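First the structure, in the form of structure tokens, and then the observations on it.
The values are calculated or read from the model by the stated rules, or taken from the named source; none is laboratory data. Keep in mind that what you see is a predicted model, and the values were worked out from it rather than measured. Cβ sites come from the backbone with ideal geometry, for glycine too, and all protein chains shown count toward neighbours. Heads up: the accessible areas ignore ligands, DNA and RNA and are worked out on the full protein's heavy atoms, side chains in. Shrake-Rupley method; radii C 1.70, N 1.55, O 1.52, S 1.80 Å.
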Amino acid sequence: QVQLVESGGGLVQPGGSLRLSCAASAPIFSEYIMAWYRQAPGKQRELVAHITSPGSTNYADSVRDRFTISRDNAKNTVYLQMNSLKPEDTAVYYCAASRIFTYWGQGTQVTVSS
């Protein structure tokens, strides 16, 4: 069983930055593909970014060049640095860990508004 705890969400003005963190209780964290998803009101959950253990990353077109996903295997933690935030980035952001099964965190709210 893997438990994921997100933190770092909040209210930020357009153009601002936030850094999300996800702490995992995975037995062998380095074997998991880690990802961030988001779900805006009335919309389906979408993949924001994912990172493999060697560090290969992939981003949604809507966040490429603004968001950066990273991981610290020694700390069992994955991060999402979000810069140049836009109102359309407003959503609940979820951390996910995948190996054989996919595990989800409880989500953290990000609101971009002036």
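Points worth noting:
- When the chain is treated as a GNM with alpha-carbon contacts under 10 Å, the residue of ILE28, ILE69, ILE100 showing the greatest mean-square fluctuation is ILE100.
- Heavy-atom accessible surface of the chain: percent carbon and sulfur, 1.4 Å: 48 percent
- Separation of the range 30-75 and the range 1-17, taken as the distance between their Cα centroids, equals 13 angstrom.
- Label-point separation, ASP61 to GLN44 (7 Å along Cα→Cβ), nm: 1.6 nm
- Our estimate of slack between GLU31 and SER17, defined as 0.36 nm per intervening residue step minus the Cα-Cα distance, is 2.1 nm.
- Across the chain, the convex hull enclosing all Cα atoms gives 92 Å³ per residue.
- For ASP65, ASP72, the ranking by accessible surface with the largest value first comes to ASP65, ASP72, using a 1.4 Å probe.
- Per residue, the chain exposes an accessible area of 53 Å² to a 1.4 Å probe, with every protein chain left in place.
- Shown here for the range 1-86: trypsin sites (Lys or Arg not before Pro) in loop regions (DSSP other than H, G, I, E, B) with at most 16 other Cβ atoms within 10 Å, namely LYS43, ARG45, ARG64, ARG66, LYS75.
- When the Gaussian network model of the chain links Cα atoms closer than 10 Å, the mean-square fluctuations of ALA60, ALA97, ALA74 top out at ALA74.
- Residues within the reach of a label modelled at LYS75 (point 7 angstrom out along Cα to beta-carbon, backbone nitrogen below 19 Å), restricted to the range 14-29, are 17-29.
- Looking at the range 1-102, the chymotrypsin sites (Phe, Trp or Tyr not before Pro) that sit in a DSSP loop and have at most 10 other Cβ atoms within 10 Å of their own Cβ are PHE101.
- Label point distance in nm, GLN106-SER53, each placed 7 Å from Cα along Cα→Cβ: 2.9 nm
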